[in-house]
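Here's the structure, in structure tokens; my notes come after.
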Amino acid sequence: MRKELAKTYDPNGLEDRLYEKWLRGGYFRASVNPDRKPFTIVMPPPNITGQLHMGHALDNTLQDILTRWKRMQGFEALWQPGTDHAAIATEVKVTESLREQGIDKEKIGREEFLRYCWDWRKEYGGRIINQLHRLGSSADWDKERFTMDEGCSEAVLTVFLKLYEKGYIYKGSRIVNWCPKCQTSISDAEVEHEDQDGFFWYIRYPVAGEENMFVEVATTRPETMLGDTAVAVNPRDDRFTHLIGRTLKLPLTDREIPVIADEYVDMEFGTGCVKITPAHDPNDFEVGKRHSLEEICVLNDDATMNEKGGKYAGLDRYEARRRIVRDLEDLGLLVKVVPHSHAVGTHDRCGTTVEPMVKQQWFVRMDELAKPAIEAVKNGELTFVPERYTKIYLHWLENIHDWCISRQLWWGHRIPAYYCRKCGKMIVSRTAPDTCPDCGGDSFEQDPDTLDTWFSSALWPFSTLGWPEETPEYRYFYPTDVLVTGYDIIFFWVIRMVFSGYEQTGKSPFHHVLIHGLVRDSQGRKMSKSLGNGIDPLDVIDRYGADALRLTLVTGNAPGNDMRFYWEQVEASRNFANKIWNASRFIMMNLPDGEIRTPDPAELKPADRWILSRINTVVREVTENMDRYELGIAVQKIHDFLWDEFCDWYIEMAKLTFGDESPEGMKAKNGTLWTLREVLGESMKLLHPYMPFITEEIYCTLNPEAETVMTEAWPAWSEERCFPEDESMISAYQELVRGIRNIRMEMNVPAKTKTDLVIACKDEGAERDFRKLLASMGDAGRMVSAKKIEIAGGRTEAEEGSVSVVMSRATAYIPLSELVDREKEIARLTDELGKMVKEIARAEGMLANPKFVSKAPAAKVEEERAKLARYVAMRQQIEEQLERFK
RNA sequence: GGAACGUUAGCUCAGCUGGGAGAGCAUUCGCUUGACGUGUGAAAGGUCACAGGUUCGAGCCCUGUACGUUCCACCA
């Protein structure tokens, strides 16, 4: 029994049911299969704290499209999913939730706190995965991983030990970015620079042993002066050479500091004298190293002044600043205050102004590791789509600093370093050592720090496949094919995966990186919690369906570009879904219960062959564009084909034959029904990666024997489905229909008024084609509101009292004398003639240009010649029409 | 201070290796034509930011300018 589609398209009733079906059917699963080529994408692991937002929706839609497409192309397609432990985000969330319960993190201690974190993960970690289900994501959920699961942790440990042994990981006292709110160090990538309005304070430092002799420095951060250990001038600056080597009295303290010479000082800027605070400024830190200056840290971890701050101890950094400025003023040492805008580093998670501080931290030495990652894009092993992102990638890598990987957090992979409680010796090892090789002590304490979240995500493409074990999955699916992600995490993630991949596996972890932009609100603003302008993808799905959301996210968007979100566009997408739903319903209504005989192409009607020929081209275009990751163009092609050509033309043409019950008509009808079903089925396959739910429902209803469209073969272009003659015949028909509709509109002919129509053909070929065409059309007059269509060769008496439509191969007459307004007709025809004359002039001009004829490609020249001939013919016909009215 | 991207119809954006400017939405005028008014037929709307250059030919390539967006950057 034939199945039927529901009367109305209701995505909600559909999508959950079909997703369940897919899960049950196990279609998302991929496994090692020597008979197929693998295709692999690793999902950027969403944070366990995360809620699905538009960025995820876009990112995962793109991955799902590629995965579904490759699966249909016969690849063993693995989309490897998982979640990220999101060190800071989770720690902050759990801490907050504990605080709400009146529990203090510090009091319960590390072990207990971690138990809460794991509980939290158990409770909420799956939430975002369930939300991804609603999008239709065809990831292999059985393989879901977590950055802190056993295997991934093993990978982290292995990598850490390897890098340490190679000397690429070291512990050192260096200046790092410190977040006073989160109380942890962060990497350079996590610092956002924003311009802030501040001041330049000009301060005098008295020269020791002199009355009224000062050095004037300018600073944006007066409070750090308590940690000054020198003032630097440029050695070539004549103004100050006499001061080099002298000693200054550091105001507000009892310390004395030297004047040193260093090239770093810009003579043109400020006063030409720079206060040097090695413990609180990255540049000063370098200067301090060069001159062996003391590093005096004057801040506590929460950015209050410490005991080195003297009377300012305990004050917040900004309060200390105010007091210090006031005190300097009282001492007469403040020269002036000038407004000054400068870049301030803030923590990208909490927005707190970052404090550069000298700390004992763990670092990854980057110079050697960066090399293969740079080489990879230069030799083409790794490519970015769009290509412009290679530049950004390279620029960052070529200027990379060592990566601070230690975090003063509890939630994360703990650093495998142990300290002897007796002598303090540090031992880096997989497990706690038994005895200290130096002192024989047997008690050790593990380093309290954990690793940057990105340390584990850097290993994601191979750790999820079982590495460091040489698992069959790792051997088969690695390296992965394409990584899909937003440009905002190239530095955090993509780069670190690439150098980790080369270092650990000797290969780039993926061949291509497909970069997408941000989904912004309708005014082009970033969607953010604070602005409250975010749109919840789940809300969109509830209202319009996942298919509509997915289509919206890929339509009209080029790789790497930002896009704006409009509800109107979702509506348009839903309308498209509704359109194909109804078209399918109509087709199925007309399909017979029994078999449809597969017709020979020769017995098909021109319209049937035309649409087969057209979809054949669309198949090629869609595939080509998908090969280039131009998903927006690809889906546009399918959309336009289905709506304009298939629904608005082909189905309408098909209807013309449905009424014909003659034996011949029945035979033609079989061919048309077969074609309708064939083309609809192929279209659903093409559209499936983009709109998986509706295409599944339609396809399976259309082909009751099919289990799912997911595993059907991707359509292939075929030489046998090229019918250029039918294409040109149908475009002549379209020219006729459009022409008649236009003129009826222009002449205000009511739709109900049926007229006769005479087509006067220009030559025998045209006459033959039109006869053949109309003979195949059944009720051919329907689309042009004609009672009767007559085909004439050459001139016809129908001209009398007619309005005419001049086409390239014929002129059509509507013999309705009451329509004819002589003046109006002359005006209209004159207008047409003018257009034609212009076109002819253009073509003639080009062809008269010897350089064009000699230099342009022959095909192009030929094309212009053909056009010219056509225009000349049309001009002649129009002139003939005009004659009639003279 | 560098760099990238953008500037195309009223709005939002496509436009592949250069060969007669497109879509969606909005607008105007028609249509209960056997699936769809979430539809259908038609119309109007663009010196492709500006100025040069290359070319037989430029929205597309090159140079510069203006405006906008974003990224990077240790001028205290």
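Could you grab the relative contact order for region A:743-791? Cα pairs under 8 Å, six or more apart, rounded to a whole percent.
Values: 38 pairs, mean separation 26.3, N = 49.
In percent, rounded to a whole number, it is 54.
Selection among A:ASN742, A:ILE789, A:SER429 by position relative to the dipole of chain A gives A:ILE789 as farthest towards the positive end (Cβ unit charges, Cα centre). Cβ distances below 4.7 Å define possible disulfide partners, and in chain A the cysteines left without one are A:CYS117, A:CYS152, A:CYS273, A:CYS297, A:CYS350, A:CYS404, A:CYS647, A:CYS700, A:CYS722, A:CYS761.
Would you mind counting up the charge near A:ARG496? Only other residues with Cβ under 11 Å from its Cβ, with Lys and Arg at +1 and Asp and Glu at -1. All intermediate terms of the calculation are to be shown ahead of the outcome.
Working: positive: none; negative: A:ASP452, A:GLU503.
That works out to -2.
When peptides A:85-91, A:468-474 are ranked by their average number of other Cβ atoms within 10 Å per residue, the highest-first order is A:85-91, A:468-474.
The overall shape of region A:592-734, judged from the alpha-carbon gyration tensor, is oblate: a/c is not under 1.5, and a/b is no greater than b/c.
With Cα atoms as the point set, the radius of gyration and Dmax of region A:706-857 evaluate to 20.4, 64 Å. Taking the average, over residues, of other Cβ atoms within 10 Å as the packing measure, peptides A:492-499, A:194-201, A:789-796, A:134-141 rank A:492-499, A:134-141, A:789-796, A:194-201 from highest down.
For region A:589-606, putting each phi into the Karplus relation 6.51 cos²θ - 1.76 cosθ + 1.60 with θ = phi - 60° gives couplings of 4, 8, 6, x, 5, x, 5, 9, 5, 6, x, 7, x, 5, 8, 6, 7, x Hz, in residue order, rounded to whole numbers and with x for Gly and Pro.
Pairwise alpha-carbon distances in region A:152-273 exceed 16 Å for 74% of all pairs. Between A:ARG771 and A:GLN73, the FRET efficiency from the beta-carbon distance, with R0 = 45 Å, is close to 0.55. Projecting the Cα atoms of A:PHE565, A:ILE490, A:LEU656 onto the dipole axis of chain A, where Lys and Arg carry +1 and Asp and Glu carry -1 at the beta carbon, places A:LEU656 farthest toward the positive end.
Of A:ILE48, A:TYR116, A:LEU549, which is farthest towards the positive pole of chain A's charge dipole, taken about the Cα centre with +1 and -1 on the beta-carbons of Lys, Arg and Asp, Glu respectively? Checking the options against the dipole of chain A, the answer is A:LEU549.
Annotation: Cα Rg of chain A relative to the compact-globule expectation 2.2 N^0.38 Å equals 1.29.
For chain A, the relative contact order is 12 percent, taking Cα pairs closer than 8 Å that sit 6 or more residues apart in sequence and dividing their mean separation by the residue count. Helix A:317-330 sits at what angle to the longest principal axis of chain A, using alpha carbons and giving 0 to 90 degrees rounded to 10? On a 0 to 90 degree scale, this one is about 60. Helix A:858-884 and the longest principal axis of the C-alpha atoms of chain A enclose an angle of approximately 50°.
Pairs spanning more than 32 Å between alpha-carbon atoms, out of A:LYS37/A:LYS669; A:LYS107/A:LYS166; A:LYS107/A:LYS162; A:LYS3/A:LYS655: A:LYS37/A:LYS669; A:LYS107/A:LYS166; A:LYS107/A:LYS162. A simple spin-label model places pseudo-atoms 7 Å from Cα toward Cβ; at A:MET213 and A:VAL191 they are separated by 3.7 nm. Between A:GLU746 and A:LYS855, what is the FRET efficiency for a Förster distance of 51 Å, r being their Cβ-Cβ separation, to the nearest 0.05? About 0.75, to the nearest 0.05. Rg over Rh for region A:669-757 works out to 1.16, both radii taken from alpha-carbon positions and Rh defined as the Kirkwood radius.
Excluding same-chain neighbours fewer than eight residues apart, the lysines reachable from A:LYS855 by a Cα-Cα span under 27 Å are A:LYS838, A:LYS867. Pairs of Lys residues in region A:273-388 are counted when their Cα atoms are under 18 angstrom apart and they lie 8 or more places apart or on different chains; the count is 5.
One compactness figure for region A:316-437 is 1.69, namely its Cα radius of gyration divided by 2.2 N^0.38 Å.
The calculated pair-distance distribution of region A:394-545 uses every alpha carbon pair, bins of 10 angstrom beginning at 0, and gives 9, 23, 26, 24, 12, 5, 1, 0 percent.
A simple charge model with +1 on the Cβ of Lys and Arg, -1 on the Cβ of Asp and Glu and nothing else charged puts the dipole of region A:506-588 at about 180 debye relative to its Cα centre. Spatially, region A:197-225 and region A:447-485 are offset by 52 Å when compared through their Cα centroids.
With the cut-off at 26 Å, report for region A:467-597 the share of all Cα pairs above it, as a whole percent.
Across region A:467-597, Cα pairs with separations above 26 Å total 50 percent.
Extending 7 Å from Cα along the Cβ direction at A:TRP141 and again at A:ASP438 yields two label points whose distance is 5.3 nm. A straight Cα-to-Cα reach below 23 Å connects A:LYS105 with the lysines A:LYS93, A:LYS122, A:LYS181, residues fewer than 8 places away in its own chain not being considered.
Comparing Cα centroids, region A:582-625 and region A:308-357 end up 75 angstrom apart.
Each Lys or Arg adds one and each Asp or Glu takes one away; over the other residues whose Cβ falls under 12 Å from the Cβ of A:HIS133, this sums to -3.
Compared with the dominant principal axis of the Cα atoms in chain A, helix A:692-702 is inclined by about 30°.
Going by average Cβ neighbours within 10 Å, how do the peptides A:313-320, A:101-108 rank, with the highest at the top?
Values: A:313-320: 16.5, A:101-108: 10.9.
With the highest mean Cβ count within 10 Å placed first, the list reads A:313-320, A:101-108.
Here chain A carries DSSP beta bridges of which approximately 70% are antiparallel, counting only pairs with both residues inside. Roughly how many debye, to the nearest 20, is the charge dipole of region A:451-529 about its Cα centre, given +1 on each Lys and Arg Cβ, -1 on each Asp and Glu Cβ, and no other charges? Roughly 440 debye, rounded to the nearest 20. Using the Cβ-Cβ distance between A:GLU844 and A:SER728 with R0 set to 25 Å, the FRET efficiency from 1/(1 + (r/R0)^6) comes to roughly 0.55.
Quick one: putting +1 on the C-beta of Lys and Arg, -1 on the C-beta of Asp and Glu, what dipole do you get for region A:231-329 around its Cα centre, in Debye to the nearest 20?
340 debye
Measuring between their Cα centroids, region A:86-145 and region A:518-580 lie 28 Å from each other.
Values quoted throughout were computed directly from the atomic coordinates according to the rules given, and no laboratory measurement underlies them. Everything numeric in this text was worked out from a predicted model, so none of it was measured. Quick reminder, even Gly has a Cβ in these numbers, built from the backbone with ideal geometry, and neighbours come from all protein chains shown.
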